[in-house]
Number of protein chains: 2
Amino acid sequence: MSLDQPSQKPHDRLAAALAEEMGAVNALIRDRMASEHAPRIPEVTAHLVEAGGKRLRPMLTLAAAKMCGYAGPYHIHLAATVEFIHTATLLHDDVVDESEQRRGRPTANLLWDNQSSVLVGDYLFARSFQLMVETGSLRVLDILANAAATIAEGEVLQLSAARDLGTDEGVYLKIVRGKTAALFSAAMEVGGVIAERSEAEVRALYDYGDALGIAFQIVDDLLDYGGSDATGKNIGDDFRERKLTLPVIKAVAAATGEERAFWVRVIEKGDQRDGDLEHALELLARHGAMEAARADALGWVATAKAAMATLPESDLRGMLVDLADYVVARIS
Amino acid sequence: MSLDQPSQKPHDRLAAALAEEMGAVNALIRDRMASEHAPRIPEVTAHLVEAGGKRLRPMLTLAAAKMCGYAGPYHIHLAATVEFIHTATLLHDDVVDESEQRRGRPTANLLWDNQSSVLVGDYLFARSFQLMVETGSLRVLDILANAAATIAEGEVLQLSAARDLGTDEGVYLKIVRGKTAALFSAAMEVGGVIAERSEAEVRALYDYGDALGIAFQIVDDLLDYGGSDATGKNIGDDFRERKLTLPVIKAVAAATGEERAFWVRVIEKGDQRDGDLEHALELLARHGAMEAARADALGWVATAKAAMATLPESDLRGMLVDLADYVVARIS
């Protein structure tokens, strides 16, 4: 598709507008994931880094820096940093979830072993840390250190909330902010910080990333019960893994005694039988849980778009606004 | 024991000389390992952090800063940073090694699960990163980022070298520098850096930590075949886990054809039978492998002590010199 086709997805338009910078990011990623001493490292990371992920997070950093008029070299480092952090968390998540597929391909822990996934994830964290130190910005380091702590905290919280019907929407939001939104918001924020923009603008970039990340995760939850895109997920994966995602939390909150007993059996006790997924879908429909979760996602999209209004008009700003719309359009 | 008893171990003398600072480090560690949202985190870390580890690494940072005349507050942060990094790597190592005991107690992965160990390790890494950002020193951040990358690289290298009789002393040294010496040397180096000492002195601190770490790991390898101290290790653990440690590498290098076949069977193939550990000990003795490894450790101790000569005379310097001697004295 050419650049001027309006039917192009916002993500592809961003990729086209940032193609040169993204090329530099990819080159830096390939350079830094190499290890002189441990050839296992590039094997494992190449499997994941080259697997055709959408590179959404580094694009956010590049877009934020560029729309803020940044003229230096360090948005490339920060975009690579963000992708390394993301890749490291994927490697560790797959160990934690005992996943066998990611983006439609076997996970590293299946192809190699859990050991390699844990240690190569640690290596990528360390590499990301080296990259951000190179920017020389203590404020950037502070933002990314805080994001890393929030991510890990969200993951641990998710683990202890797993299979616990007591998980409410407040806990859910904390988990989602950790596992998804913290890196989205940090990716945006650091772009504004290295461009030395005003506090109000930096805050707006953060708010956009935070809201986009939350909307993104809610949609991910919805897709798991209502459809499949190119994520490589199968319908019902979250159900089989007994995850308390937003639609289920809403249905549990509205459940009758009998319905609650069903959720206790399938989610808390893990006693799942033929037809249970279909029954769960019925209960979600009965209480309008999917529609309510979709409305929440749309609310976060509106928040993301409103944040963008603080920043000067530009093509990139337009693409980020469209991207927020597109996140929810995936399920409509 | 009182301070002036010359029979006290160097480690205890250091602990006494740094008691006030170590109290502050422990308070900071307790404060920062808390998590408002995820109570699982302090449970897991307390199990490990409070388990009576020797706190050797943070003491190195405190000793280095204090002997260099540092008067600010950040040696406390850096000592806590170093202990967090160490604890995080222990959590991940125990997952990688599928360990069931550490310091004579059940490991976190056995008490909770591998998931918690992976994620709480990530949390501690992130926390350590926040702590070092607070020092405001980009040079310190650079040193610790590089150390983190070297540690992870060494761990991955160890994984791919495991059970491979082709592992020679050069590879062994790279692994040991990663898994042990990188944090010892960084712990010392950052103490000199925040005290703004000369490059020669900073380098000497690094060299001391590097050599001490290598000696420490060689002695650890020796203890596994020749005795047990308070580490909670059993004789032969490394043998049963088929690790290529220094004594084995030396014995393999000197092996006859028949002996090599034995090592191939027990280490590479993992076919271990009754009496194999005893036979391995015989082969180590036959080729003087234990004595040769001990001589190497003594060489590193001499390097560590020589490095200290670059620094001004002080009580702390004397204790660090004695500590180097004591590392090898553990096995004599």
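The values are calculated or read from the model by the stated rules, or taken from the named source; none is laboratory data. Worth saying up front: this structure is predicted, and the values here are computed from it rather than measured. Cβ sites come from the backbone with ideal geometry, for glycine too, and all protein chains shown count toward neighbours. The accessibility values were calculated without ligands, DNA or RNA, using every heavy atom of the protein model including side chains. Shrake-Rupley method; radii C 1.70, N 1.55, O 1.52, S 1.80 Å.
Taking every protein chain into account, the 1.4 Å probe leaves B:E43 with about 90 Å² of accessible area, to the nearest ten.
Across identical copies of the chain, A:E36 has label-point separations of 4.5 nm, listed in ascending order, with the point defined 7 angstrom from Cα along Cα→Cβ.
Here B:S137 sits with roughly 30 square angstrom of accessible surface, probe radius 1.4 Å.
When both segment B:233-279 and segment B:150-202 are represented by their alpha-carbon centers, they are found 25 Å apart. Around the Cα centre of chain B, unit charges on the Cβ atoms of Lys, Arg, Asp and Glu (plus for the first two, minus for the last two) sum to a dipole of about 240 debye.
For the protein assembly as shown, the dipole from Cβ point charges (+1 on Lys and Arg, -1 on Asp and Glu) about the Cα centre works out to 400 debye, to the nearest 20. Largest accessible area first, the residues B:H77, A:H287 order themselves as A:H287, B:H77 under a 1.4 Å probe with ligands, DNA and RNA left out.
Ellipticity at 222 nm from helices only: DSSP H runs of n ≥ 4 in the protein assembly as shown, each -39500 (n - 2.57), divided by the residue count, give -22500 deg cm²/dmol. Once the Cα atoms are used to define both axes, helix B:40-49 deviates from the longest principal axis of chain B by about 80 degrees. Of all lysines in the structure, those lying under 24 Å Cα to Cα from B:K305, and not within fewer than 8 positions of it along the same chain, are B:K9, B:K54, B:K66, B:K174, B:K179. Sorting A:S35, A:S160 by solvent-accessible area of protein heavy atoms yields A:S160, A:S35, largest first, with a 1.4 Å probe. Each Lys and Arg Cβ is given +1 and each Asp and Glu Cβ -1; about its Cα centre, segment B:193-308 then shows a dipole of about 160 debye.
For segment B:12-329, the share of accessible area belonging to carbon and sulfur comes to 49 percent (1.4 Å probe, ligands and nucleic acids excluded). Could you tell me which of B:Q217, B:A17, B:A304 has its Cα farthest along the dipole of chain B towards the positive end, charges placed at Cβ (Lys, Arg +1; Asp, Glu -1), taken about the Cα centre? Among B:Q217, B:A17, B:A304, the one farthest towards the positive end of the dipole of chain B is B:A17.
Relative to the longest principal axis of the Cα atoms of chain B, the long axis of helix B:182-194 makes an angle of roughly 20 degrees. Taking every C-alpha pair closer than 8 Å and separated by at least 6 residues, the mean separation divided by the residue count of segment B:12-329 gives a relative contact order of 19 percent. Per residue of peptide A:140-147, the mean number of Cβ atoms on other chains within 10 Å of the residue Cβ is 4. For label points placed 7 Å from Cα toward Cβ, what is the shortest-first list of nm distances from B:D168 to its copies? Relative to the other copies, B:D168 has label-point distances of 6.5 nm. Any idea which of B:Q130, B:A292, B:H279 is furthest toward the positive side of the dipole for the protein assembly as shown, if Lys and Arg beta-carbons carry +1 and Asp and Glu beta-carbons -1? About the Cα centre, the residue reaching furthest to the positive side is B:Q130. At q = 0.07, 0.10, 0.15 Å⁻¹, what log₁₀ I(q)/I(0) does chain B have when each alpha carbon counts as one equal point scatterer in the Debye sum? Computed log10 I(q)/I(0) values: -0.29, -0.59, -1.29. Taking the label point 7 Å from Cα in the Cβ direction, how far apart in nm is B:T310 from each other copy of itself, listed shortest first? Result for B:T310, in nm, nearest copy first: 4.8. Counting heavy atoms of the protein chains alone, A:M67 has an accessible area of about 20 Å² for a 1.4 Å probe.
Per-residue packing, averaged as other Cβ atoms within 10 Å, sorts the ranges B:261-270, B:312-321 into the order B:312-321, B:261-270, beginning with the highest. Note on the protein assembly as shown: along the principal axes its Cα atoms extend 74, 56, 49 Å, ordered by decreasing extent. When segment A:11-329 is described by a simple charge dipole with +1 on each Lys and Arg Cβ and -1 on each Asp and Glu Cβ, the residue from A:T167, A:A149, A:A195 located farthest towards its positive end is A:A195.
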